[in-house]
There are 2 protein chains.
Amino acid sequence: MRELFYPERVAVIGVSQRKENLGRNIVENLFRFRFPGEVFTVGRRGGVVFGRRVLNSIEELPEGVDLAIVLTPAATVPSIVDGCGRKGIRWVIVESGGFGEYSEEGRRLQEELLRTARKWGIRLVGPNGIGVINMENGLVTPFFPLSDQALKKGRVGIISQSGGAIFALINLLASSNIGVSKVVSMGNKLDLNEIDYLSYLLEDEGTDIVVLYLESIADGRGLMEVARRAEKPVIVQKVNIYPSTSQIAKFHTAALATDDRVVEAALKQAGVIRAHDFREVVNLVKVFSIPPMRGNNLVIISRTGGLAVAAADFAAERGFRLYPLSEAFLNRVQQAFRAKVISPTNPLDVGDLFDFDFYTQITEEVLKEEGVDGVLFQHAAAPGLETEESIKLGQAFKRLADKYRKPIALCFLSDEQSMAFVKKSLDYPMFIEPGDALPALAASRDRYRRSRTRQTESNFPSFPLDKEELFGILEEARSANRSLFLHEALGIVEGMGIKVAPYFVAKDLEEAAAKAEELGYPLVLKIDSSCLLHKTDTAALVLEIRDEEELREAFVRLVQWAKQQDLPTAGILIQRWVPEGMEMILGARVDRDFGPVIMLGFGGIYAEFFEDIALRIGPLCERDAEEMIGELKGARILEGARGKVYDLPFLKDAVLRLSHLMACVPQIKGIDLNPIMLFTEGEGGMAVDARVVVDDASGY
Amino acid sequence: MRELFYPERVAVIGVSQRKENLGRNIVENLFRFRFPGEVFTVGRRGGVVFGRRVLNSIEELPEGVDLAIVLTPAATVPSIVDGCGRKGIRWVIVESGGFGEYSEEGRRLQEELLRTARKWGIRLVGPNGIGVINMENGLVTPFFPLSDQALKKGRVGIISQSGGAIFALINLLASSNIGVSKVVSMGNKLDLNEIDYLSYLLEDEGTDIVVLYLESIADGRGLMEVARRAEKPVIVQKVNIYPSTSQIAKFHTAALATDDRVVEAALKQAGVIRAHDFREVVNLVKVFSIPPMRGNNLVIISRTGGLAVAAADFAAERGFRLYPLSEAFLNRVQQAFRAKVISPTNPLDVGDLFDFDFYTQITEEVLKEEGVDGVLFQHAAAPGLETEESIKLGQAFKRLADKYRKPIALCFLSDEQSMAFVKKSLDYPMFIEPGDALPALAASRDRYRRSRTRQTESNFPSFPLDKEELFGILEEARSANRSLFLHEALGIVEGMGIKVAPYFVAKDLEEAAAKAEELGYPLVLKIDSSCLLHKTDTAALVLEIRDEEELREAFVRLVQWAKQQDLPTAGILIQRWVPEGMEMILGARVDRDFGPVIMLGFGGIYAEFFEDIALRIGPLCERDAEEMIGELKGARILEGARGKVYDLPFLKDAVLRLSHLMACVPQIKGIDLNPIMLFTEGEGGMAVDARVVVDDASGY
């Protein structure tokens, strides 16, 4: 991809002398940003643009053009790209719209475009975007004029599905004196997508932080793999969350929505930091531009006491600890400043001291404290006053942050014009209020922590059930176009080594009665069907059967009901009744974008309404499984908050076994162990019911 | 309070010629803002300030001074206020710090100050604040110099416990061209508090919106009553939420924290809009400066498609509906603009049209659509470009919003300097991105809705239990310094007309066995104690007793255990076992600041871990009770989502009865019906267990 960003010869196709021609703006941008390579222009109408003749056709181009930028009507693009191919051009940016995002005809054109590109081995950026920007060599290809004031060179890479988002971000970052390294507008992502660009930017020496603005995720699993290996902070603003929004995004860039909870889980798991609006993105970029927050020990220094209170709230909310400043600190401060004694509390209210040098000195004294992980300094000034001092303060903080390798989150409240001026003049990021700085510091801390704990590899115990045997069951169901019978589903659960409440399938009443004695009362009777009966469909099962009389009655009732409903059955399943234990749900399904997603949650009639579930993309390592359990709001109950400690090792093992199953057996599209009863410490647990779906189209 | 804000003669006490004197700044501010009244200065050192002689003592002041502003060391303040009293001054602002927020000695001084003020009938502002500002007459009393550029006259009133917060807010509002009417810095709230100031500002003709910045709430119930009657929007930023923060706030303004969940519930109930940072406050002030959002039908118009997607997400999140634009609309648009046909989708992407007049016209066409309740317009511009056009666009939107009485939330993304310039130049509020505008529009809609539904008065059915009888039980317990026995607590529940699972207290085994037959098995046995036994203390009760044999065994065990523990008991309580129904918790407690707080939630072993509870300050009306039920995350279960519809009228009635009890019987400090079993529709419900606390100090 270096060729795309560092071409030596560029052709802009779709240029004319006409006033409304947009292709000319591309050329102008290349000149304005002093792109050092050769630039050729091509346009049907010929003429002269910027003192150079516009070539009438691609054929007239010389050999050795690395990159073509196309901005012509959609219908003409496939043949133009074909021409590029013939000329040996291997990288093409298509900025034209009117493809899949626009109409059926556009979708057809898009397919043709892709075929043409593939034929020649061409890699495509777009279509329907504003191209790329490389601030290192002035390769600036958007089709509207950009001023060099608007584009600042720096170390943030941006990959976006929306051109508007790119400019919103660039402008906001430049306002804080943060520049960009490389920018890509992906448009419809017909060929290259976020995985390609991200992989490149993570290797790019000029890029320290990568921001992605996504409306859809092309290959969730692939993205996760790339992101997981990233040493650089990756920030994702993923929009298009709601189904109603999805429709709009489809118009806009042909993007389809994934279940946002899966996206959220996947990004978190891959160590990606998610933002929900531009303000959050900018705050995150700022915090990753200063040294990382290595722990929870924070000191708040404030120019006004009131704002210190608000800051302390946000600090507590994000799990920070207000570091207790030591006597040693007090002594140093007293020696250093003599008359100006301040009490060594945290937050430090320095409101009465109108002395900027003192602010710097006291901040340095705080940073010297070994236990302190970072500082939040809340600065405030009257409109138009103290701007020079504020800038100097920021510069001093930059030096201190570098010297002590600790973050100083500088917040500044004033009127917006002064704030904008100071931010713009200062080469150190400035936040506005604690609500900006503290969530960002928390993200910095969490990322640092994560980087310190390595993923553990899990050794899966082999499954009791032979893989071939398992595949046989599944294949039989799939070829019959049915889901698994209940006894088959339970067999698979046992097959992966998770205990199931003892059961037996009886064909007739006598067999049932005999087996019931073996299993022991109380019992449950269920119809052993391949239809997915809803748990609340109470006609399909009978609970808590206490003796043979009840058994016989229940058996007859279920057989009759199955007949009435015309259910495909393998008999009646008799199972030991498990009244004790904590009802949990464990399941998995194959997501279109992310592959196997593992789900763990509390069961029971109303717990599921609280949506207390944890999601992870499989396969899981042990840490993932532990984190899933810990993430449940009800985790404290399992850990003994209500007197009983539950068998967490059993639960963790079951989660890992399920993850392993999904990784080994792609035929399974969905599986639910609902409920799986969890017993107290050392007692294990038991799956009671299970459903397995082998068919994508079952609507599972 | 008019006298405080419109004094004719003002004395500033604590003025000197010395460079570091702060009192002089107060005088300077009064002159700069052209305060039209007479200003006298008093200071021990005498001298001349601003061409006027500084009086050596209060005695030298003429008669008829309405307001004194004191800024002298704390220790001198009580005697100065005494002097003011002698001079007939009835309003005093104390800006000095060093009182209750600072030290024990300061707390003593504070008490003396209050006594002195009371003696003379003086009303105090402060101490430990920056006084008041009235932009109508230039009464500007902070002790640091303010420029007239920093203070813009407008219609927002601010009441704050922190001086720093006042200036942060004023500067941010002025940046958007929003000015203030009257401002109060309450400081330690020794005498006057937020209720006094809010009552005044709600009546004040110059004020349209009131913002409160609170670190503590002086009298929650009083504040609610004032706020509830408010016709003007009241926005509260309440900080000091976390216990760790409370300690800091105490230093700062001697504020103590209330349980934030109670605060949250109370503010909501009183129709107050709560904000969590300055950005949110400013966004709310903006939205209340434009016409209200009367419903859910929103049209999004965006200059870039990408940002429309983000806007649609936020719209869906806040429950807005993207109004489907009609054919009629399309026709009008086509007639009006002919060539420029745009498709009538919502969001409208006008990105390709670089025509500001067109933006205005299309927005007007949208507003004309009867079903449309409001518009979000996402504007974006390159740095430094189109600023004039953007200002004109805002001005046009102001006219349109006024004409159609519908809100147009104008968002503007550019570089921060351009944004600050445009905002400052425009007399119409401008947001930044959808994440700013849509939560604000939702607050506008919710407030409008609320204003349309009137509170209903509830007629309480009289209680079966006579009030005197009830008071007797409570008084007996209180005088014995004990909580209620279980049978007494259950008696009170019955007494307020809520059914209780049948029970009987037995003194001995034979009585128990006889009564058990009457009640019918299965039964539960509980120790009838006045000690508050935790529900999980399983030794204190025996569940699901099925026959006399089990009864006898359980009875003996409980009696023995009670003896071992030396529990005060009235016997053993035998109660019908209620295995069916939904376990709910209904309770109330008296909050120090807000009085009776009613709580409703789901019961059961783990539901309480999800903290699915609804809180309201009593007394409740029917709507409150309905809203409490509806607010529970599990409400859908009660409404039949899992097949069973529960008896909601019973639950609502029980909530209202409890509210009534708390209103009539102040002796009860806390009460829990836990669980109260809710049966299916028409079947009512039954309290099973109850605790009543009559003593504040029980730590309940």
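Summary of computed values
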item: Cleavage-rule hits (trypsin sites (Lys or Arg not before Pro)) in the range A:42-116: DSSP loop, at most 10 neighbouring Cβ within 10 angstrom; result: none
item: Shortest-first nm distances, B:Gly384 label point to equivalent points in other copies (7 Å, Cα→Cβ); result: 2.3
item: Most to least accessible of A:Glu205, A:Glu580 (protein chains only, probe 1.4 Å); result: A:Glu205, A:Glu580
item: Amide H contacts under 5 Å for A:Val125, placed H, 5+ residues apart; result: A:Val92, A:Ile93, A:Val94
item: Relative pair counts by distance (%), Cα atoms of the protein assembly as shown, 20 Å bins; result: 9, 30, 36, 21, 5, 0
item: Centre separation in Å (Cα based) which lies between the range B:1-35 and the range A:276-318; result: 37 Å
item: Chain A: angle of helix A:327-337 to the longest principal axis, Cα-based, in degrees nearest 10; result: 10 degrees
item: Positive-end residue, chain A charge dipole about Cα centroid, Cβ charges, pick of A:Val309, A:Asn25, A:Pro649; result: A:Asn25
item: Computed accessible area, B:Ile432, all protein chains, 1.4 angstrom probe, square angstrom; result: 50 Å²
item: Buried area at the A-B interface (accessible, heavy atoms, 1.4 Å probe, summed, Å²); result: 6100 Å²
item: Distance violations [Cα-Cα > 26 Å] among A:Lys182/A:Lys238; A:Lys515/A:Lys563; A:Lys238/B:Lys392; A:Lys182/A:Lys403; A:Lys119/A:Lys182; result: A:Lys238/B:Lys392; A:Lys182/A:Lys403; A:Lys119/A:Lys182
item: Degrees separating the helix B:356-368 axis from the principal Cα axis of chain B, which is the longest one; result: 40 degrees
item: Cα long-axis angle, helix A:648-664 against chain A (0 to 90 degrees, to the nearest 10); result: 80 degrees
item: Carbon + sulfur, % of accessible area of the range B:295-454 - ligands and nucleic acids excluded, 1.4 Å; result: 48 percent
item: Fraction of accessible area attributable to carbon and sulfur, the range A:1-131 (%, probe 1.4 Å); result: 48 percent
item: Considering only chain B, percent of DSSP beta bridges that pair antiparallel, nearest 5; result: 50 percent
item: Long-range amide H partners of B:Arg274 with built H, under 5 Å; result: B:Val236
item: GluC sites (Glu not before Pro) within the range A:1-43: DSSP coil, no more than 14 neighbouring Cβ in 10 Å; result: A:Glu8, A:Glu20
item: Nearest-first distances (nm) between copies at B:Phe354, label 7 Å from Cα via Cβ; result: 4.8
item: Most to least accessible of A:Met662, B:Met1 (protein chains only, probe 1.4 Å); result: B:Met1, A:Met662
item: Alpha carbon centroid spacing (whole Å) that separates the range B:563-628 from the range A:87-112; result: 64 Å
item: Chain B: C-alpha gyration tensor shape, a/c 1.5 cut-off, then a/b vs b/c; result: oblate
item: Average other protein chain Cβ within 10 Å of Cβ, residues B:429-436; result: 3
item: Where B:Glu365, A:Glu112, B:Glu468 fall by accessible area, highest first, once all protein chains stay in place (1.4 Å); result: B:Glu468, A:Glu112, B:Glu365
item: Surface per residue (accessible, 1.4 Å probe) for chain A, Å²; result: 40 Å²
item: Copies compared at A:Arg108 - label distances in nm, ascending, label defined 7 Å from Cα in the Cβ direction; result: 9.4
item: Exposure of B:Glu203 as accessible area (Å², to 10), given a probe of 1.4 Å and all protein chains; result: 150 Å²
item: Exposure of B:Asp612 as accessible area (Å², to 10), given a probe of 1.4 Å and all protein chains; result: 10 Å²
item: The protein assembly as shown - share of DSSP beta bridges that are antiparallel (%, nearest 5); result: 50 percent
item: Share of carbon and sulfur in the accessible heavy-atom surface of the range A:557-700 [1.4 Å probe, %]; result: 48 percent
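The values are calculated or read from the model by the stated rules, or taken from the named source; none is laboratory data. The shown structure was predicted, so the numbers you read here are calculated from the model rather than taken from an experiment. Glycine also receives a Cβ, built like all others from the backbone with ideal geometry; neighbour counts cover every protein chain displayed. The accessibility values were calculated without ligands, DNA or RNA, using every heavy atom of the protein model including side chains. Shrake-Rupley method; radii C 1.70, N 1.55, O 1.52, S 1.80 Å.
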